[in-house]
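K.L.:
Take this structure, written in structure tokens, and hold onto it; I'll ask about it next.
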């Protein structure tokens, strides 16, 4: 797999190595696999082992959208709040009288749409 990634010019893209069915791997096998991939995650969907740690690693490695915004989005523009949830990183949301006060990191395009609702 790593050879294929190199062939397509993606060698510099960060990777996360995950061994599934971690509940079926004994201590000796884990030791061998850790020698091959020291930062690997062992997960099990059956027991839930390693799922939270894997999720945290993925979140840490994802790039943060470029623009930090604070906006009071009117309730009739719920589409913008949904867009923040879908493509941005929502830091906080609070329901106010005039709409939803959001603090988030978003793309430049979404920041431009939210600019008219900017809050201090």
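K.L.:
Scan segment 35-42 and give yes if some residue there is under 27 Å from residue 103 (Cβ atoms) and surrounded by 10 or more Cβ atoms within 10 Å (Cβ to Cβ), otherwise no.
P.N.:
Looking through segment 35-42, none of the residues is under 27 Å from residue 103 (Cβ atoms) and surrounded by 10 or more Cβ atoms within 10 Å (Cβ to Cβ).
K.L.:
Identify, please: which residue in segment 100-120 is under 13 Å from residue 67 (Cα atoms) and part of a helix (DSSP H, G or I) and is, among those, farthest from the chain's Cα centre (by Cα)?
P.N.:
So the residue we want is 115.
K.L.:
State whether one or more residues within segment 71-81 are under 30 Å from residue 18 (Cβ atoms) and surrounded by 12 or more Cβ atoms within 10 Å (Cβ to Cβ).
P.N.:
no
K.L.:
With the structure loaded, tell me whether residue 83 is in a helix (DSSP H, G or I), within 17 Å of the chain's Cα centre (by Cα) and closer than 19 Å to residue 118 by Cβ or whether it fails that test.
P.N.:
Yes, satisfied.
K.L.:
Those residues that are touching a strand residue (DSSP E or B) at 6+ places or on another chain (Cβ under 7 Å), under 29 Å from residue 110 (Cβ atoms) and in a helix (DSSP H, G or I), I need them from segment 49-80; list them, please.
P.N.:
Once the filter is applied, which keeps residues that are touching a strand residue (DSSP E or B) at 6+ places or on another chain (Cβ under 7 Å), under 29 Å from residue 110 (Cβ atoms) and in a helix (DSSP H, G or I), segment 49-80 yields 54, 57, 75, 80.
K.L.:
For segment 14-48: of the residues being in a loop (DSSP other than H, G, I, E, B), under 26 Å from residue 89 (Cα atoms) and touching a helix residue (DSSP H, G or I) at 6+ places or on another chain (Cβ under 7 Å), which is modelled with the lowest pLDDT?
P.N.:
14
The values are calculated or read from the model by the stated rules, or taken from the named source; none is laboratory data. Only a predicted model underlies this, so the values are computations on that prediction, with no experimental measurement involved. In this analysis, Cβ positions are derived from the backbone assuming ideal geometry, glycine residues included, and neighbour counts consider all displayed protein chains.
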